[in-house]
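A quick write-up on the structure given underneath.
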Amino acid sequence: MALEPQRRSFLGFLTFGLGAIFSAILGVPIVCYVIDPRHRRAPKSAMKLIDGVKLDDLRATPVQGVIRDTRVDGWTLYPNDVLGRVWVVKRDQALPAFPDKAAVVAFNARPQAEKDAFLLVFTTICPHLGCSVNLGGDGFLCPCHSARFTLAGAQAGVGNPARRGMDSLEWEIDEDDPEFNRLEVKYQRFEALKIEKNAIG
Ligand code: FES
């Protein structure tokens with residue numbers, strides 16, 4: 001019969017058309033999910049800007065800075081969330097001048113212990129049980145159980161509940177800052193209560 005090929009081609013088109021419609025129905029949400037920035041992995045960079053601290057503004061009194069980054073919590077994206085806070089302590093030795101980016105890169109390549117002769121960066125998280133350490137007396141004081149620390153972060157006073165000094169962080173000059181006046185830090189958290197400084201994230 002002449003109608004048979006026509007019927008077959010109609011069924012073929014029907015099958016093809018339905019397949020295309022179902023693919024579109026299923027595919028569009030998937031493509032939207034993939035290209036939606038909320039579902040992309042947050043960019044990972046070890047060094048994070050210390051917000052609110054400029055090298056020119058550092059004086060004998062430590063200053064506190066904020067660490068921000070993108071955070072994803074379930075379906076919610078927080079593009080500029082506060083990850084934590086740090087204390088920046090200026091030491092006696094003045095930082096060298098940075099005439100150009102090459103000088104900053106060379107400085108950042110120095111060992112951390114050498115850079116720490118110029119300034120120190122501590123997380124504000126108390127190594128005892130995690131409260132936020134404030135300035136107090138001639139150093140730092142934790143309001144929760146009165147752990148005291150010197151400005152160099154060492155334990156101070158008798159009966160100190162903290163089993164180690166404040167947790168220092170790796171830092172460097174922000175090479176992308178045109179004025180070379182900003183700091184970046186490798187922000188980490190450490191296990192509480194331990195004598196050793198064990199990073200946990
Ligand atoms: S949490 Fe800081 S002294 Fe206990």
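The values are calculated or read from the model by the stated rules, or taken from the named source; none is laboratory data. Predicted, not measured: the structure shown is a model, and the values here were computed from it. These accessible areas exclude ligands, DNA and RNA; they are computed on the full protein's heavy atoms, side chains included. Shrake-Rupley method; radii C 1.70, N 1.55, O 1.52, S 1.80 Å.
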Not counting ligands, DNA or RNA, and with a 1.4 Å probe, what is GLU170's accessible surface area in Å² rounded to the nearest 10? 90
Order by accessible surface, 1.4 Å probe, largest leading, for residues TYR78, TYR187 comes to TYR78, TYR187
Unit Cα scatterers, Debye sum, the stretch 42-157: log10 I(q)/I(0) for q = 0.16 Å⁻¹: -0.90
Ignoring everything but the protein chains, give the 1.4 Å probe accessible area of ILE173 in square angstrom, nearest 10. 0
Ignoring ligands and nucleic acids, what accessible area does THR61 show with a 1.4 Å probe (Å², nearest 10)? 90
The convex hull of the Cα atoms of the stretch 100-201, divided by residue count, gives a volume in Å³ per residue of 110
